[in-house]
1. Looking only at region 93-112, count every residue that is more than 21 Å from residue 47 (Cβ to Cβ) and modelled with pLDDT under 95 and tell me the total.
2. Kindly indicate whether residue 46 is over 20 Å from residue 128 (Cα atoms), in contact with a helix residue (DSSP H, G or I) (Cβ under 9 Å, 6 or more places away or on another chain) and either among the hydrophobic types (A, V, I, L, M, F, W, C) or in a helix (DSSP H, G or I) (or both).
3. Among (1) in contact with a Lys or Arg (Cβ under 6 Å, 6 or more places away or on another chain); (2) closer than 24 Å to residue 34 by Cα, which single condition is residue 68 missing?
4. Within region 28-35, can one find any residue that is closer than 18 Å to residue 5 by Cα, at pLDDT below 95 and acidic (Asp, Glu)?
5. Does region 29-52 hold any residues that are surrounded by fewer than 17 Cβ atoms within 10 Å (Cβ to Cβ) and of a type in the set (A, V, I, L, M, F, W, C), and which are they?
6. Among all residue pairs at least 6 apart or on different chains, which show Cβ distances below 9 Å where the first residue, located in region 32-60, is acidic (Asp, Glu) and the second is surrounded by fewer than 17 Cβ atoms within 10 Å (Cβ to Cβ) and not in a strand (DSSP E or B)?
7. Are any of the residues in region 71-83 under 20 Å from residue 124 (Cα atoms), in contact (Cβ under 8 Å) with a residue 40 or more places away in the chain and surrounded by fewer than 20 Cβ atoms within 10 Å (Cβ to Cβ)?
Amino acid sequence: MFKVTPVTSPYLQQDTARRLGAPYLPDTYAFQATEMTEDAEPVCPLALCQFSFSGKEASLKSLDWAPDHEQDEAVVILVRTVMNWLWRADISLFVCADSRLSEVFCRRLGFRYDSGRWQIDLDLFYRSPCSYTEQNT
């Protein structure tokens with residue numbers, strides 16, 4: 001079981017990044033996926049998504065995960081949670097600026113390669129999520 005939450009403290013963001021062997025990006029917002037016990041107690045971080053935004057565009061700066069959790073359900077749900085948060089904040093474009101992510105994984109997350117970069121039109125995604133499958137990106 002895992003839980004996705006916003007990271008509300010720069011100290012927690014830095015600690016989570018350190019524990020995952022990820023870069024700490026102090027000028028970003030972050031959400032994390034945390035492994036939980038059956039009693040809903042946190043065990044350890046599974047993944048961290050650091051991003052920034054300005055105007056109607058957001059940028060995924062860093063997506064990192066614990067060993068053995070590469071591209072698993074927690075990582076995908078973490079990114080989808082960030083997408084939903086951005087869309088609800090009236091941000092309509094989400095760009096992947098983390099060049100370490102493979103093309104296959106970017107497609108799995110719903111990013112499309114357009115205008116020289118991987119991006120998601122969040123308005124289109126939430127109006128027609130079925131058009132954003134791996135096969136259609």
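1. Of the residues in that region, 1 qualify.
2. yes
3. Only one criterion is unmet by residue 68, namely (1).
4. yes
5. Listed by number, the residues that qualify are 36, 40, 43, 44.
6. Listed by first residue and then by second, the contacts come to 35/1; 38/1.
7. Within region 71-83, one or more residues are under 20 Å from residue 124 (Cα atoms), in contact (Cβ under 8 Å) with a residue 40 or more places away in the chain and surrounded by fewer than 20 Cβ atoms within 10 Å (Cβ to Cβ).
The values are calculated or read from the model by the stated rules, or taken from the named source; none is laboratory data. Everything numeric here is computed off the predicted structure, so don't read it as measured data. Positions of Cβ are generated from backbone atoms using ideal geometry, with glycine treated the same way; all protein chains shown enter the neighbour counts.
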